[in-house]
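What follows is a short report on a single structure.
The values are calculated or read from the model by the stated rules, or taken from the named source; none is laboratory data. Just so you know, these numbers come straight off a predicted model, no measurement behind them. The accessibility values were calculated without ligands, DNA or RNA, using every heavy atom of the protein model including side chains. Shrake-Rupley method; radii C 1.70, N 1.55, O 1.52, S 1.80 Å.
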Amino acid sequence: QVQLVESGGGLVQAGGSLRLSCAASARAYTLGWFRQAPGKEREFVALITRSGGTNYADAVKGRFTASRDNTKSTVSLQMSSLKPEDTAVYYCAAYGSGSRPDYWGQGTQVTVSS
C-alpha cells in the first residue's frame, strides 16, 4: 500500500504559476499527475519514472514540469502559464507494474481565474 499526500493547490490568475507537491510513502514507483475538471473524466497530465524520465499530456507540454526527489520520496509539478482550462482537482498517482496507477492521493484543487 502506497500513501500519497498532495499539497500546493490554490487560486491563481491566468498566466500565473503554481507548484504542486506530493509526498509518497514508498520510493520505488513511477509517479504521475492526473486532473479532473467538473463534469469531465479524470485525465492524464504527467508522469515521472524513478530514474527521472518524464511524459506529458499535449495540453500541458512546455508549461508544466514534473520533478522528483527520491531521497525524500516527493514528486512535484511546476505549472506555469496557467489557463482557466487548467482548473481542476489534481491527483498524485503511483504506478505499480501496470499501465494504470494503482494508488491515488486525495487531490488538491487548482483554480485559474481569467
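Quick look at the values:
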read-out: Single residue of 96, 10 found to be over 12 Å from the mean Cα position of the chain (by Cα) and on the phi > 0 side of the Ramachandran plot; value: 10
read-out: Condition broken by residue 11, with the remaining ones in (1) open to solvent by less than 70 Å² (accessible area, probe 1.4 Å); (2) outside any loop (DSSP other than H, G, I, E, B) satisfied; value: (1)
